[in-house]
Structures are given as structure tokens and as C-alpha cells.
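The values are calculated or read from the model by the stated rules, or taken from the named source; none is laboratory data. Predicted, not measured: the structure shown is a model, and the values here were computed from it. Cβ sites come from the backbone with ideal geometry, for glycine too, and all protein chains shown count toward neighbours.
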Amino acid sequence: MGSKFVFKFQLYVKIIFLLITVLSFSFLNAQNIFEYEREIVNKEKYDFQEIEFENIEENIKLSGTLITPKSNFDKIVIIVSGSGKDTRYAHSKLAEKLLENNIAVYRYDERGVGKSNGKHSRKVTSLKNDLDYCVKHLFQSEATKNKQIGVIGHSLGGMASIAIAANNPQIDYLIQMATPVNAGDSFKDRISKIEIFKNRDKTIEEIQKLIDTFNLIIHSGKSLSKIKKDCEKARRKLKFSKDYYNIYLRDQMIDFVRLDTELFYKQNDKPLLYIIGEMDELVNANNNALKLQMINNKFIDVKVLKKLRSLFNYQF
């Protein structure tokens, strides 16, 4: 990577970093354009192009909108949301800031939401697979010709984007927001703060040992049914009640833990900015920042933002 490109990217990262720090998100639940979503302001300043793509593997058509500055631009960012239902109107404040800085934005309706087909899924592998087809389709589109393509992923969206980056050389850079570096470890780090695990017959250390055992089995590469069977044996051997098994070993959680994002961070060879709020309620900021520092990948820049929470709003 040439020094000139590195300098340009570092400058770009600083600009984005300053923009992200002023963002504030509020998330609820609704339908269509959800209550936490809205259209961008000053629409007359930009061009809008609806772009559909297909997840061929699952025969699901998805739809989104590419918003471009009317002036010349050379960067396009795909914004990928985290858990919950999200449409092309999510992260509007972030989209506005990018557009104001002459960066085009593509957002799409998640499967089963808005104009996208299929059944909505809370699994990170579904999000990952859809994003993979999205990137491949956009790269072949005339609208993205000679443009740098980046992906901003929040939470599960960050997991999805780091997971597909290696197989998509057309991705030029990544920005990860509040993304767990290791999903299983992130859950274990938060055991003491999760209400359902408080005031039980086991200590925090004992519960963490069980979670470690479950995670090891989940990463064994076995089938879902075999994972559940082996975890049930481990639960009985360690003398835990069935509650612990039921809480942790849902299909969605197994899917979440099984995606080994820590490996992808180690192998990453693209400029990557990782940002997380110091007061994040879902992901331990210090532990995740430390993991990335220990990986010591020269392409990864880590920023812990003071007093910000998981949705990048302030903790006063």
C-alpha cells in the first residue's frame, strides 16, 4: 500500500471519526419507515437511484437506494445496521453527514422488510450472506464504476462486514461501530451485568466457565444438533440447571457465536477503523479494544469514544 494512499485514508478516517462522535441514535420498533428512521433532509441536493440485488443462494430479492452528491464524488459507503428490523431509512443522520462530505451512501431494506423479499432473520449469517451479494452486485453496477467502496457496519452489521471483506477485494475500507471482536467472549464479559444471571445458585466465575465450555463446543465445527447435544452433556456434568442451556443455546445465539470474527480481524488486510463507546452496554469497550491491540494488525485503527454508549449517544 503506497504512502500516498495511506495518508489519504488516515485523513479520511479522521474526518469520519469526528462525524461519528456527534451522532446520536434512538431505537424503538414499528413498521415500514420505523419510528427510529426517517428520510434525509435536503433531498434536493442529491440524486437517488433504487438498486435491487438478489441473494441467489436463497432466492431472495433485496432493494435499496443509492444516494449520490450532485457534484463529482469518488467514495461510496454501504451502511449496514445491527440487530432488529431496519430499512433503507436507517442511520439517516450518519448518511447526511457522509453526503455533506461528498460521500455517496447505499442502504437497503433487510430481508422481509420494506421492499425486500424473504422472511426477516435475526441471524448474523443471514445478514452476512445478504451483504455479500449486495457488495458483489454494487461493484458490477455502472453507478459505482471507478469509485472506492467502503462498508460501515454497526454491531451485527460490523460482524457481517468483517466476515465478507476477505472474499470481496472490491471493498476498499471498513468502519466498525460497536462490533464484538469475539462474540462468545463479549457475552461472557457481560455476565455480571445481565439481570437473568444475578442472584443464582452459581457464581459469576462458574457461569463464565460454563460459557467457555459452550463456546468451545460451538466452535467445534459440528452440526447444530450435535452442538446442542454436547452442550447438554456439559451442562449436566458441570451440574447447571436447564435454564442456563435454554438461555444461551438458542439457534440465533449459536449462529452469533459460531461466526469467528476474531480470526477475520487477524487476517484483515484492508484499512479498518474500529470505534466503540466507552460506556457501551452490550460490548465491553476496553476488552474489545485490548483484543484488537493484541492482534496488532497494522491495518486496524482503534478508537474508544469517551462517555458514549452502544448507540453512540451520551452517558451523562
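Okay, here's what the table says:
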{"quantity": "In region 263-292, the residues that are assigned to a loop (DSSP other than H, G, I, E, B), out of contact with any strand residue (DSSP E or B) (no Cβ under 8 Å at 6 or more places or on another chain) and hydrophobic (A, V, I, L, M, F, W, C)", "calculated": "Leu282"}
{"quantity": "Qualifying residue in region 222-233 (condition: among the acidic types (Asp, Glu) and either touching a Gly at 6+ places or on another chain (Cβ under 6 Å) or touching a residue at least 24 places away in the same chain (Cβ under 8 Å) (or both))", "calculated": "no"}
{"quantity": "Subset of region 285-302 (residues that are touching a Leu at 6+ places or on another chain (Cβ under 9 Å) and at pLDDT below 95)", "calculated": "Ala285"}
{"quantity": "Test: residue in region 228-237 that is within 21 Å of Asn296 (Cα to Cα) and either out of contact with any helix residue (DSSP H, G or I) (no Cβ under 8 Å at 6 or more places or on another chain) or of a type outside the set (A, V, I, L, M) (or both)", "calculated": "no"}
{"quantity": "Among residues of region 265-316, those that are in contact with a Lys or Arg (Cβ under 8 Å, 6 or more places away or on another chain), buried (at least 19 other Cβ atoms within 10 Å of the Cβ) and more than 19 Å from Ala183 (Cβ to Cβ), counted", "calculated": "1"}
{"quantity": "Enumeration of residues in region 33-64 that are of a type in the set (S, T, N, Q) and under 17 Å from Lys119 (Cβ atoms)", "calculated": "Asn55, Asn59, Ser63"}
{"quantity": "Cβ-Cβ under 9 Å pairs, at least 6 apart or on other chains, region 202-220 side in a loop (DSSP other than H, G, I, E, B), far side surrounded by 17 or more Cβ atoms within 10 Å (Cβ to Cβ)", "calculated": "Lys202/Leu210; Lys202/Phe240; Lys202/Tyr244; His219/Gly184; His219/Val257; His219/Arg258; Ser220/Ile227; Ser220/Asp230"}
{"quantity": "Output for region 189-201, where each listed residue is in a loop (DSSP other than H, G, I, E, B) and of a type in the set (A, V, I, L, M)", "calculated": "Ile194"}
{"quantity": "Test: residue in region 299-313 that is of a type in the set (Ser, Thr, Tyr) and in a loop (DSSP other than H, G, I, E, B)", "calculated": "yes"}
{"quantity": "Residues (hydroxyl-bearing (Ser, Thr, Tyr), modelled with pLDDT under 95 and within 18 Å of Met159 (Cα to Cα)) located in region 87-123", "calculated": "Ser121"}
{"quantity": "Test: residue in region 244-256 that is surrounded by fewer than 18 Cβ atoms within 10 Å (Cβ to Cβ), among the acidic types (Asp, Glu) and either closer than 20 Å to Ile191 by Cβ or touching an Asp or Glu at 6+ places or on another chain (Cβ under 9 Å) (or both)", "calculated": "no"}
{"quantity": "Tabulated pairs, region 240-256, first in contact (Cβ under 8 Å) with a residue 60 or more places away in the chain and assigned to a helix (DSSP H, G or I), second among the basic types (Lys, Arg) and surrounded by 12 or more Cβ atoms within 10 Å (Cβ to Cβ), C-beta under 8 angstrom, 6+ apart or interchain", "calculated": "Asp251/Lys123; Gln252/Arg122; Gln252/Lys123; Asp255/Lys123; Phe256/Lys123"}
{"quantity": "Whichever residue in region 194-225 is exposed (fewer than 12 other Cβ atoms within 10 Å of the Cβ) and over 25 Å from Asp260 (Cα atoms) and, among such residues, is modelled with the highest pLDDT", "calculated": "Thr203"}
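Rundown of residues vs (1) over 17 Å from the mean Cα position of the chain (by Cα); (2) over 22 Å from Ala90 (Cα atoms), yes/no style:
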residue	(1), (2)
Val257	no, yes
Thr261	no, yes
Ile276	no, no
Asp280	no, no
Val283	no, no
Gln293	yes, yes
Phe299	yes, yes
Val302	no, yes
Lys306	yes, yes
